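Here's the structure we're looking at; comments come further down.
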Amino acid sequence: MLLAAILTCPPANVQPAAPVAPTVTFTPLSTIKPLVKDSVKGTCEEFNRHLKNTGVKDANGKTHPRYAGWASTEFNYRYTYTSRSVRENGGIRLHATVQVKFTGTATPARLDWIPTASLSSVCLKEKLRWEKHTEEHEARHVQDFEKLMRSVHHRYKSSIPFSAWGATVGQAQAELDRRIKTTLDRETTELDAQIDKDAESFHRTPQGGTIIDIDCNACAS
């Protein structure tokens, strides 16, 4: 089963505090994909207009006006089980031991300015400042994703008991699968809600403040 979530960095144009680069720890069942660069050719002014009017294109191809970066995440699960059957009330009850593995993917993206003319050292420094801040911001969202994956791995490291009844073995198996999927679908919904909550909390911190546009005055000829 699959559930998608979106993490964002907030709109541009507000002065942030100095960014703090996070440390990202990887877990075995998580995949962190390389940064996707959404390239935009033009002058500094044209790039900033594109940011405002179109924004970054995320890993799924959707654009987000006024957003410099976007981190897309997916949560998946798979499960297996062993079961035993007993006769009960004229039917069959299955008692199952279920093993669950959650997996996830995070894909950060940012806009990438491709100048049509050579940049001065001052302009290049400003461009690199913007890129660094944007990438560090998205890296923090990835860090929160990794933390969440570690948590769900821990919760499901042990097998989980389930039970289901049906008039036949086939009906009992169908009911057992329904109950397992309902439980795990609820878990993915909670993961989605938690990662959004983590993003909102980060955006309220000085380090998670919005990202200043590239200062085109530094790039004036």
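Determine if region 147-154 includes at least one residue that is under 21 Å from residue 81 (Cβ atoms), out of contact with any helix residue (DSSP H, G or I) (no Cβ under 9 Å at 6 or more places or on another chain) and modelled with pLDDT of 95 or more.
No, the conditions are met nowhere in region 147-154.
Given 167, 172, which one is within 30 Å of residue 96 (Cα to Cα), hydrophobic (A, V, I, L, M, F, W, C), surrounded by 20 or more Cβ atoms within 10 Å (Cβ to Cβ) and touching a residue at least 40 places away in the same chain (Cβ under 8 Å)?
So the residue among 167, 172 that is within 30 Å of residue 96 (Cα to Cα), hydrophobic (A, V, I, L, M, F, W, C), surrounded by 20 or more Cβ atoms within 10 Å (Cβ to Cβ) and touching a residue at least 40 places away in the same chain (Cβ under 8 Å) is 172.
How about region 138-184: which of its residues are outside any helix (DSSP H, G or I) and either closer than 25 Å to residue 110 by Cβ or among the aromatic types (Phe, Trp, Tyr) (or both)?
Within region 138-184, 156, 162, 165 meet the criteria.
Let's see how each residue does on (1) under 21 Å from the mean Cα position of the chain (by Cα); (2) among the basic types (Lys, Arg); (3) surrounded by 18 or more Cβ atoms within 10 Å (Cβ to Cβ):
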| site | (1), (2), (3) |
| --- | --- |
| 49 | no, yes, no |
| 67 | yes, no, yes |
| 74 | yes, no, yes |
| 97 | no, no, no |
| 108 | yes, no, yes |
| 115 | no, no, no |
| 123 | no, no, yes |
| 126 | no, no, yes |
| 150 | yes, yes, no |
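Here are some conditions: (1) outside any helix (DSSP H, G or I); (2) within 30 Å of residue 51 (Cβ to Cβ). Residue 93 meets all but one. Which one does it not meet?
Among (1) outside any helix (DSSP H, G or I); (2) within 30 Å of residue 51 (Cβ to Cβ), the lone unmet condition for residue 93 is (2).
Does at least one position in region 57-69 carry a residue that is among the small types (Gly, Ala, Ser), in contact with a helix residue (DSSP H, G or I) (Cβ under 8 Å, 6 or more places away or on another chain) and touching a residue at least 12 places away in the same chain (Cβ under 8 Å)?
Yes: region 57-69 contains one or more residues that are among the small types (Gly, Ala, Ser), in contact with a helix residue (DSSP H, G or I) (Cβ under 8 Å, 6 or more places away or on another chain) and touching a residue at least 12 places away in the same chain (Cβ under 8 Å).
What are the pairs with Cβ atoms under 7 angstrom where one residue, in region 199-221, is over 15 Å from residue 134 (Cα atoms) and the other, located anywhere, is among the hydrophobic types (A, V, I, L, M, F, W, C)? Sequence gap at least six, or different chains.
Note: pairs meeting the criteria are 216/44; 218/122; 218/123; 219/44; 219/119; 219/123.
The values are calculated or read from the model by the stated rules, or taken from the named source; none is laboratory data. Keep in mind it's a predicted model, so treat the numbers as computed, not measured. Backbone-built Cβ (ideal geometry, glycine too); neighbour counts: all protein chains shown.
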